[in-house]
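Trainee: Structure incoming, see below.
The values are calculated or read from the model by the stated rules, or taken from the named source; none is laboratory data. Please read all numbers here as calculations on a predicted model, not as lab measurements. FYI the Cβ positions are ideal-geometry reconstructions off the backbone, even for glycines, and counts take in every protein chain you see. What goes into the accessible areas is simple: the full protein's heavy atoms, side chains included, and nothing from ligands, DNA or RNA. Shrake-Rupley method; radii C 1.70, N 1.55, O 1.52, S 1.80 Å.
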Amino acid sequence: MKSVLLIGLGMFGQALGENLLKMGDDVMIVDKNEDVINLLASKYTSALIANCMNIDNLRSLDIPSYDACVVAIGDDFQSSLEITSNLKDLGAKYVVSKANTEIQRKFLFRVGADEVIYPNHDIAEKLAVKLNAKKVYDYIELDREHAIFEIDVPKRWVGLNIIATDPRKKHGINILTIKKGNTFTPSPGPEYIFQDGDHMLVFGNPEKIIAFTNKYR
């Protein structure tokens, strides 16, 4: 369980807040819109109607006490930028800010954001990957050269072990985990025999992994 300060209760902020609650986190919500706070306050640990552009309002929230602070403001980039900077100045441990463009992402990092979420870009990128690769179930980009994919085990691999298929040498991918339904086999050994219905969580270069999935359509 973590303590989270969530600033901005638009569609993204509300969706994030609901998911944090499901995970059992303590969530403090803040928005300058009185109607929104009055509507949602009963669900959360605590709530405040306040304009966080005012640094005194932020200071009153004891910023260092939170495990993470999220700036989920999407319609006022100047506010997002200043609040992000002020949170870091007030001792925030970890600040996550929302961006709508690549240039906004760059500026948010420059003023101190530890992480910047770019929902439209991230969704578009995941969709592009799925459209260009066969049976990609999930995809996490670590950087431009490295990613983790959840993909099917090729049918021709069923009944063979990792030594025989040699995915690292032949395809440049590293198998992290084998998943079948709700069962996981972390760091499978070289003698692991692939079974029908297996999914692999693999690590490697995104282009190589996509090429691999397309090769075994």
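Trainee: Rounded to the nearest 0.05, what FRET efficiency do Leu21 and Lys135 have when you use their Cβ-Cβ distance and R0 = 41 Å? Spell out each step's value before the answer.
Mentor: On the way: r = 33 Å, r/R0 = 0.80.
The formula returns an efficiency of 0.80 here.
Trainee: To the nearest 10 degrees, how steep is helix 119-132 against the longest Cα principal axis of the chain, on a 0 to 90 scale?
Mentor: Once rounded, one gets 10 degrees.
Trainee: Taking 20 Å as the cut-off for C-alpha to C-alpha distance, list the pairs among Lys135/Lys169; Lys43/Lys98; Lys2/Lys22 that go past it.
Mentor: Details: Lys135/Lys169 22 Å; Lys43/Lys98 23 Å; Lys2/Lys22 12 Å.
In this structure, Lys135/Lys169; Lys43/Lys98 lie more than 20 Å apart at Cα.
Trainee: Further question: Placing +1 on the Cβ of each Lys and Arg and -1 on the Cβ of each Asp and Glu in the chain, which of Ile37, Leu58, Pro186 has its Cα farthest towards the positive end of the resulting dipole?
Mentor: It is Pro186.
Trainee: Going by amide H atoms built from the backbone, whose H comes under 5 Å of the H on Lys32, apart from near neighbours?
Mentor: Residues meeting the amide H criterion: Ala50.
Trainee: Let me ask something additional. P(r) of the chain in 10 Å steps, Cα pairs, percent per bin?
Mentor: With a bin width of 10 Å, the distribution comes to 8, 28, 24, 19, 16, 6, 0.
Trainee: Taking each pair of distinct Cα atoms in the range 1-73 once, what is the resulting Kirkwood hydrodynamic radius in Å? Mind dumping the intermediate values first?
Mentor: Numbers: mean 1/r = 0.0831 Å⁻¹.
One over the average 1/r among Cα pairs gives 12.0 Å for the range 1-73.
Trainee: Rounding to the nearest 20 debye, state how big the charge dipole of the chain is about its Cα centre with +1 on each Lys and Arg Cβ and -1 on each Asp and Glu Cβ. List each step's numbers first, then the result.
Mentor: Details: 26 positive and 29 negative charges, 242 e Å.
Computed charge dipole of the chain: roughly 1160 debye.
Trainee: Between helix 77-89 and the chain, what is the angle of the helix's C-alpha long axis to the longest principal axis, kept within 0 to 90° and rounded to the nearest 10?
Mentor: That helix lies at roughly 90 degrees to the long axis.
Trainee: Based on the Cβ-Cβ distance from Phe109 to Gln195, what FRET efficiency comes out when R0 is 35 Å, to the nearest 0.05? Don't skip to the answer; put the middle values down first.
Mentor: On the way: r = 44 Å, r/R0 = 1.25.
Working from the Cβ atoms, E equals 0.20.
Trainee: Can you list the aspartates and glutamates whose alpha carbon is less than 16 Å from that of Lys88, not counting same-chain residues fewer than 8 positions off?
Mentor: Asp56, Asp62, Asp67, Asp114, Glu115
Trainee: Right, another one. Can you compute 3J(HN,Hα) from phi for each residue in the range 3-16, using the Karplus curve 6.51 cos²θ - 1.76 cosθ + 1.60 with θ = phi - 60°, rounded to whole Hz and x for Gly and Pro?
Mentor: For the range 3-16, the Karplus-derived couplings read 9, 10, 9, 10, 10, x, 10, x, 4, 5, x, 5, 5, 5 Hz, x marking Gly and Pro.
Trainee: How big is the antiparallel share of DSSP beta bridges in the chain, given as a percent to the nearest 5? Don't skip to the end; give the middle numbers.
Mentor: Details: 23 of 42 bridges.
In the chain, DSSP labels about 55 percent of beta bridges as antiparallel.
Trainee: Something else: Could you give the nm distance between label points at Asn205 and Ser65, where each point is 7 Å from its Cα heading toward the beta carbon?
Mentor: 5.0 nm
Trainee: For the residue pair Gln78 and Asn174, what label-to-label distance in nm results when each label sits 7 Å from Cα along the Cα-to-beta-carbon direction?
Mentor: My value for the distance between the label points is 4.7 nm.
Trainee: If amide H atoms are built 1.01 Å from N in the plane of the peptide, which residues on other chains or at least 5 residues away come under 5 Å of the amide H of Tyr118?
Mentor: Ala99
Trainee: With a 1.4 Å probe and every protein chain kept in, tell me what percent of the accessible surface of the chain is carbon plus sulfur.
Mentor: Numbers: 6400 of 12090 Å².
Whole-percent figure for carbon plus sulfur exposure: 53.
Trainee: Stick to the Cα atoms of the range 12-128, pair each with every other, and give me the Kirkwood hydrodynamic radius in Å at one decimal.
Mentor: Working: mean 1/r = 0.0679 Å⁻¹.
Kirkwood hydrodynamic radius for the range 12-128: 14.7 Å.
Trainee: Quickly work out the Phe184-to-Val158 label distance, labels modelled 7 Å from Cα along the C-beta direction, and quote it in nm with one decimal.
Mentor: 2.5 nm
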